[in-house]
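For reference, the structure discussed in these notes is given below.
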Amino acid sequence: DRIAQFFCPVATQFLAGPVQLLGLDFYNRPLHDLSTYEATLERLRLLKTNFMSIVGARIARIAPAYGIGGIGNTYFRDSWRAMILSRAIRDAMIEKETSDKARRLVPLVVAQDEVERELRERDQSFPIR
C-alpha cells in the first residue's frame with residue numbers, strides 16, 4: 001500500500017512529462033515550415049534530448065508532495081483517529097453508565113478495533129520505518 005502510494009505519482013511522470021513537453025513544443029514551435037515527417041522527427045529529437053531532465057524535475061517536485069506527504073498524511077490521520085476514538089471510549093466509560101451511553105459506546109469500540117486492526121496490518125505489511 002505504501003509502496004504504491006509512493007511510486008504511482010512518480011511513475012506517472014514518465015508519461016505526463018513527455019506529453020507536457022510535446023504540448024509546450026507544439027504551442028511554442030509550430031514548425032509550419034517543415035513537413036509532417038520532419039516536424040515529427042524534430043519533436044522526437046527534442047523529447048530524446050530533454051526526457052531525463054524533464055522527468056527528473058517533475059519527479060523531484062511530485063515525490064515529496066504526493067509520495068512522502070501522502071504516506072505521512074495517512075499515517076498521522078490514522079493515528080489521530082485512533083487517539084480520538086480512544087478518548088471518546090475513555091470518556092464514555094468514565095461517565096455514569098446508562099443504557100444510552102452504553103449504546104453509544106458500542107460503535108466507538110467497534111471503530112477503534114477496526115482502526116487498530118488496519119494499523120497492525122499496515123505495519124506488518126511494510127516493516128521498514
Selected residue [basic (Lys, Arg), outside any loop (DSSP other than H, G, I, E, B) and at pLDDT 70 or above] from Arg103, Arg117: Arg117
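Looking only at residues that are outside any loop (DSSP other than H, G, I, E, B) and open to solvent by less than 100 Å² (accessible area, probe 1.4 Å) in the range 28-43, which one is farthest from Cys8 (Cα to Cα)?
The selected residue is Glu38.
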Inter-residue pairs, beta-carbon under 8 Å, first within 17 Å of Arg2 (Cβ to Cβ) and open to solvent by less than 40 Å² (accessible area, probe 1.4 Å) and in the range 72-88, second modelled with pLDDT of 80 or more and in a helix (DSSP H, G or I), 6+ apart: Thr74/Gln5
Every residue from the range 2-57 that is in contact (Cβ under 8 Å) with a residue 60 or more places away in the chain and polar (S, T, N, Q): Gln5
Filter result for Thr36 (farther than 30 Å from Arg117 by Cα and either touching a strand residue (DSSP E or B) at 6+ places or on another chain (Cβ under 8 Å) or modelled with pLDDT of 95 or more (or both)): no
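The values are calculated or read from the model by the stated rules, or taken from the named source; none is laboratory data. Owing to the predicted nature of the structure, the values given are computational and were not obtained by experimental measurement. Cβ coordinates were reconstructed from backbone atoms using ideal geometry, including for glycine residues, and neighbour counts include every protein chain displayed. These area figures cover heavy atoms from the full protein model, side chains too; ligands, DNA and RNA do not enter into them. Shrake-Rupley method; radii C 1.70, N 1.55, O 1.52, S 1.80 Å.
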